Amino acid sequence: MAQPTDADGRDSSARRPTSRGQVSRIDRDYYHRPSLLRRVRRWAVVAGLVAGVAWVAWGAIDSPRHHSPGPVAAVHARWERDCQACHEPFQPITDDTFLSTAATRDRADAKCEACHADVAARPHHPLQNFHEVGSCGSCHQDHRGRDADMLRVADRTCTHCHADIAAHRLPATEAPAVAPSPVVEPVTGFAAGSHPPFRGLASDPGTLKFSHGRHMLAGLSFAPDAAPGQPQRGTVWTYAMIPEAHRARYKPAGESADALVQLDCASCHEFAPAGSDDLRSVSTLLAGAPPGAYPLPLEFERHCAACHQLPLAGTPGGDEAAPAARAPETVLPHGLSGAELRRFLESTLLGEALRRNPALLEQPAATPPLPSIREADPATVALAELVGERLARAQSFARATCEKCHDLVERDLPTATSLLPGRVGRPRTDAGWFDVAPTAVPAIWLPKSRFNHQPHRNLPHALDRHECQDCHAAAFPDDTTRPAGIAGKALDNSKVMIAGLESCTSCHAPPGRDGAGRTVGGVRHDCVECHGYHGLGPHGGASAPPPAVAER
Amino acid sequence: MIIGGRTWPKDRRWIMAITAIALAALGWYVVEWRQLGHLPGGSSRVGLTCGIAGGAIILFELLLWPRKRVRSWRLGSAQSWLRAHVWLGLLAVPLVLLHARLLFIGGLLNQALMVVFFIVIVSGIWGLVIQQYLPKALLEQVPAETIYDQIDHVARQQCHDVWRLVAASCVTAGDDHHHADPAEETADEGDHAVVTGFRAMTGIQGRVVETLAIHAVIPGTDEVRRRFVAEVRPYLLAGARGGSTLASAPGAARFFADLRGASPAEAGWLIERIEQACDCRRQFDLQARLHRWLHVWILVHLPLSVVLGVLLAVHVPIAFNYW
């Protein structure tokens, strides 16, 4: 098939289209007509501009929602819409900016101190280098939501100095009156190796002579077949031997009165119910702690006297015989000072002597003709001599009784305050008296930190363990960490019976798994979980929810 | 191709530079993060530096638009501007992320700013990818490419040219005068027809305009004329919008096979011309579709860039007021 072309021999040049005709095929004005794409693009730009301006206008009306990085904490909610209440215009509120200076820090802090002057006035430590302390907002960051706790500061705010505390505290030349703490161990977190062992558990400062091991044994007695050299079996206690008034506290319901006494932790270590301030006043530390955070201090009358009455008559060691039958007037009161003890013994023995020999009261007192050296009349002297011998024995007995549990401090008492008459040549002081040394058992063993027994008592325990045993294993006779035979020792009060850091980090650590694949850790372990700042005591800066949150 | 090919040495320098800057910023951020114990915010030393750098980049990116308005100012070549626009825009992503505390940002303004920023970035990357590959596809698959805005005009012209060939060569069916091309009445009525086709030769292909001599009527071609008027001409004028079977290559192949069977052998060259015109029209359709893909992203990228600029202009003073 042949396609007709110009090349077929015909003279076609005269009939070809002209160049004008060719040019007319081209639309020369197309670019003057905006295409659809161009028109849409132009309108889209206008729409974008309008949308941007509209958004800005909305932001001007609802400024906090648009410009605040987040809701302020509940305690600051009142100033949610008043940015100037906390912010100084065009001044950084934190210390990590280029333009942060001491001046900007002071201006920013002044806004905080307008309400929090009391906290700001409390230094953290006398040796604190205040040049290194950031602004309030640097540690206490707000705008983290209503429920955020502003006291939950980042660990870095503490470890900034405590990671190398020696390099961050004032040199001795700047604070000569303050003795630097010898402890300079680095603190970089809460784990073995990054946190020093608890100093409060290094040793037991208590002076009370006591055996936890014996008190946790049935019958409160050592084994009947004690080996030679071991404490021998003492009185085996049954519930019948406990005075009626105290018996119900110790005897489980349904237990026979002849059964051996078996104490547990709660027999002595009681926790105050919520809302109670029972006995809290004995310790300012305890007074600041929430109810139930710590066990109440032990009281002799409540926790010891059921078994350990203090008989005035008898011999040392005989106090445990038939305590239920003892008359009240023959019992030494507990907690007397040396002077009070002498007064008690003198008055008791004088009364007893006068009851036995009422004729002594009939003898007239001799009256000297002139003021002279005091000279007792013969009847009084006879009475004093009669009582004096018994007083000496009672003094000796009391010493032995007190010394059984307490350290004693020797004290000479002035003769002038004695009830017994003096005589010529009697020394101005009576020797041989004593005060009982304070027991010094800490009400709170870790005074630098916050703790609360209440939530820790409800933790799951192994079936064969007591709820307290996880952290106080050393107080139990079956403690595997005890050296052989320590449960049988008479005294174990020198042993600290609170587990250390390792018992905390089993829960207060980053989440993970142990060798058996069980989940461990995961509980908060930041610095402020236990510690306070601004000179606050262990419970002074508790991270309890702020009032506004609690009310909600 | 925007990236790669002959421009690769320049692109490589840009890639190395923005990678180094991004890594340096990230390293600084990590150091300050460890020092502070928490993620540095926008007002921290590293956060503010990244914010200022990111803001400056965004401002520069916005300048591309006015720069196109003042081409006569000779502010660097368009290629250099585009390359800087692309690579600096990508560098802005890590800088803005570090400034915005890795997206832990607060107020609605900041959130809107961040959302718009990322839509602009993603649309820009989409446009970059599209422009990287579609022009090559256009070159290979649309040898008859014309100016996009002229497609309808060229298609009408082509339809007119082919109609002149058909009208001059085919037997008149008698009732198709209703379908006569109006342009025919005003066109030059010489004995030549100018037709558009495309040729491929030694690796070069493109649209060609040929002038053909018009011969006498070919007997037995009334079917060609009828089907041209009924099916081909609407397709040539409307393209794929009309839903014609000629819009697909297989449909067109079937159509012209039928037409050849119903026509004398002498009309083969004419049918081939009509088939070429339909093929050309299909290329215009493809060109229009590729053109839309090439440019529709800008309808997102450009207006949101304007929004970004407005929000950024408000963000800066407010951030410095309450930092």
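The values are calculated or read from the model by the stated rules, or taken from the named source; none is laboratory data. Please read all numbers here as calculations on a predicted model, not as lab measurements. Neighbour counts are summed over all protein chains in view; Cβ atoms, including those assigned to glycine, are modelled from backbone coordinates with ideal geometry.
The rows are residues; the columns are (1) at pLDDT 95 or above; (2) not β-branched (Val, Ile, Thr).
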{"position": "B:Ala265", "(1), (2)": "no, yes"}
{"position": "B:Trp269", "(1), (2)": "no, yes"}
{"position": "B:Glu272", "(1), (2)": "no, yes"}
{"position": "B:Cys280", "(1), (2)": "no, yes"}
{"position": "B:Phe284", "(1), (2)": "no, yes"}
{"position": "B:Gln287", "(1), (2)": "no, yes"}
{"position": "B:Leu294", "(1), (2)": "no, yes"}
{"position": "B:Ile298", "(1), (2)": "no, no"}
{"position": "B:Leu304", "(1), (2)": "yes, yes"}
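Scanning segment A:71-85 for residues that are more than 15 Å from B:Ile318 (Cα to Cα) and either in contact (Cβ under 8 Å) with a residue 12 or more places away in the chain or not assigned by TED's automatic domain parsing to the domain that holds A:Thr157 (or both) yields a count of 9. When A:His116 is tested against the conditions (1) in contact with a Pro (Cβ under 9 Å, 6 or more places away or on another chain); (2) farther than 22 Å from A:Ala167 by Cα, the lone failure is (1). Here B:His301 fulfils each of the conditions (1) within 30 Å of the chain's Cα centre (by Cα); (2) part of a helix (DSSP H, G or I); (3) surrounded by fewer than 16 Cβ atoms within 10 Å (Cβ to Cβ) apart from (3).
Between B:Gly37, B:Gly47, which is within 14 Å of chain A (Cβ to nearest Cβ), touching an Asp or Glu at 6+ places or on another chain (Cβ under 9 Å) and at pLDDT 90 or above? Write out each step before concluding.
On the way: B:Gly37 fails: at pLDDT 90 or above.
B:Gly47 is the lone residue from the list that is within 14 Å of chain A (Cβ to nearest Cβ), touching an Asp or Glu at 6+ places or on another chain (Cβ under 9 Å) and at pLDDT 90 or above.
Taken over segment A:195-213, the criterion of being surrounded by 15 or more Cβ atoms within 10 Å (Cβ to Cβ) and assigned to a loop (DSSP other than H, G, I, E, B) is satisfied by A:Phe198, A:Asp204, A:Gly206, A:Thr207, A:Leu208, A:Lys209, A:Phe210, A:Ser211. Cβ separations smaller than 6 Å between residues 6+ apart or across chains give the following pairs from segment B:267-287 residues that are more than 10 Å from chain A (Cβ to nearest Cβ) to residues that are buried (at least 18 other Cβ atoms within 10 Å of the Cβ) and among the β-branched types (Val, Ile, Thr): B:Ile274/B:Val162; B:Ile274/B:Val232; B:Ala277/B:Val162; B:Gln283/B:Val142; B:Phe284/B:Ile151; B:Leu286/B:Val142; B:Gln287/B:Val142.
When segment A:51-65 is examined, which residues are found to be assigned to a helix (DSSP H, G or I) and over 10 Å from B:Pro303 (Cβ atoms)?
Restricting attention to segment A:51-65, the residues satisfying the condition of being assigned to a helix (DSSP H, G or I) are A:51-61, A:63-65.
Within segment A:51-65, A:Val53, A:Ala54, A:Trp55, A:Val56, A:Ala57, A:Trp58, A:Gly59, A:Ala60, A:Ile61, A:Ser63, A:Pro64, A:Arg65 qualify.
Looking only at segment A:76-97, decide whether some residue is facing another protein chain (nearest Cβ under 7 Å), surrounded by fewer than 15 Cβ atoms within 10 Å (Cβ to Cβ), at positive phi and not small (Gly, Ala, Ser). Yes, segment A:76-97 contains at least one residue that is facing another protein chain (nearest Cβ under 7 Å), surrounded by fewer than 15 Cβ atoms within 10 Å (Cβ to Cβ), at positive phi and not small (Gly, Ala, Ser). The listed residues are B:Ala24, B:Ala84, B:Ala17, and the only one of them that is under 28 Å from A:His160 (Cβ atoms) and either within 33 Å of the chain's Cα centre (by Cα) or assigned to a helix (DSSP H, G or I) (or both) turns out to be B:Ala24.
Summed over segment A:118-170, residues that are touching a residue at least 60 places away in the same chain (Cβ under 8 Å), more than 14 Å from chain B (Cβ to nearest Cβ), over 30 Å from A:Pro64 (Cβ atoms) and crowded, with 17+ Cβ neighbours inside 10 Å total 0. Of the listed requirements (1) more than 31 Å from the chain's Cα centre (by Cα); (2) within 12 Å of chain B (Cβ to nearest Cβ); (3) surrounded by 14 or more Cβ atoms within 10 Å (Cβ to Cβ), A:Arg107 misses just one: (2).
Among the criteria (1) modelled with pLDDT under 85; (2) touching a Ser or Thr at 6+ places or on another chain (Cβ under 7 Å), the one B:Trp65 does not fulfil is (2).
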